[in-house]
1. Looking at the chain as a GNM with Cα springs under 10 Å, which of S262, S223, S101 has the largest mean-square fluctuation?
2. For the stretch 116-124, what does the Karplus curve 6.51 cos²θ - 1.76 cosθ + 1.60, with θ = phi - 60°, yield as ³J(HN,Hα) per residue in whole Hz, taken in order and with x for Gly and Pro?
3. Total Lys pairs in the chain closer than 29 Å by alpha-carbon, pairs eight or more apart in sequence or interchain only?
4. If N is the number of residues in the stretch 3-290, what value comes out of its Cα radius of gyration divided by 2.2 N^0.38 Å?
5. Which residue fluctuates the most in the chain, going by a Gaussian network model with Cα springs under 10 Å, if the choices are K212, K94, K11?
6. Spelling out what I want: for every residue of the stretch 8-17, take phi, set θ = phi - 60°, compute 6.51 cos²θ - 1.76 cosθ + 1.60 (Karplus), and round to whole Hz; glycine and proline get x.
7. Could you calculate the contour length gain from D279 to D16, that is, 0.36 nm times the residue separation minus the distance between their Cα atoms, to one decimal place in nm?
8. Cut-off 10 angstrom, C-alpha nodes, Gaussian network model of the chain. Which of E54, E207, E19 fluctuates the most?
Amino acid sequence: MWSLILHGGAKEIDPDEEEAHRNGCIRAIEAGRAVLAGGGTAVNAVEAAGRVLEADPTFNAGYGAALNSDGEVEMCAAVMEGKEFNVGAVAVIKGVWHPISVARAMLHEEPMLLASDGARRFAADKGLELCDPADLIPPQGKASTKSRARDTIGIVALDQYGDLAVGTSTGGLEGCAPGRVGDSPQPGCGYYADNQLGAVAFSGDGEHIARKVLAARVMQALSSAQTAAAGAEEVLEPSLREVEAISGEAGGIVLTSAGMSSWAHNSRDFAVAFMTSEDNNPHVFMRKKDEGK
């Protein structure tokens, strides 16, 4: 059995952008499905789905990511596997097409996180896809800053071997200070994976998510056998209420070790797609309240 869930960011999605978000999520989950259905690993599925989202300027990751106050694209990404707790992460990296692939390449390296020029040098040494930093800005410019203000992409996968993996990628906040790092590359903040418990990925106000170490709190909640058996909303919603209490927005996806997935958000919208080997059809929603319709 395998299971896969991903999100395109906690934010407001303009009605005329919903189709692009839906189609992008479908393409990404199909890429991850192809890996898992073919017997591939959760780590490879996370990377495959993340690369599709990074290549789509609809999302604030990779090509078309948010611009900082200097008008530049600085990106953060991470990949974690839940078997041996290996983490690979990059922060404020410039001039790479796929930061999630750079993070994936770091998964078994001695350093857990590299930043800025050091991260790009690592990507170059590994023969990964580099580019001129300006090439990450689409010729037509960016879509509305409202739809990109806080979004981060996230993917969680469980493969047929029982291994979990999670990946995140983001261009950060529109107009943020150069060098700013949010929750996305920090384990225990924006993401975490543990084969015995589950895996989680967050999106939203990164500083609030990091200060509350939301991913760590979710993992602690999943350690309760009663909660894990009941599902995921019970562990996500208390964390989201904490962010909301300090005027923040967030959304999260979670996958338990048994393959049960769920999601929750306090942002207006949160594009999510999920599928499993038992129901091999993608389910895509722009907001949680639409799931039961």
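Bear in mind these aren't lab numbers, they're just calculated from the coordinates by the rules spelled out. Bear in mind the structure is a predicted one, so any value in this text is a computation, not a measurement. Here the Cβ is made from the backbone with ideal geometry for all residues, glycine too, and neighbour counts use every protein chain on show.
1. Ranking S262, S223, S101 by mean-square fluctuation puts S223 first.
2. 6, 4, x, 5, 5, 5, 4, 4, 5
3. Taking the chain as the scope, the lysine pair count is 21.
4. Working: Rg = 16.7 Å, N = 288, 2.2 N^0.38 = 18.9 Å.
Compared with the compact-globule rule of thumb, the stretch 3-290 sits at 0.88.
5. Comparing K212, K94, K11 in a Gaussian network model of the chain, the most mobile one is K212.
6. Working through the residues one at a time gives x, x, 8, 5, 9, 10, 4, x, 7, 9 Hz.
7. Numbers: separation 263, 0.36 × 263 = 94.68 nm, distance 2.93 nm.
Working it through step by step, the gained length comes to 91.8 nm.
8. Among E54, E207, E19, the largest mean-square fluctuation in the Gaussian network model of the chain belongs to E19.
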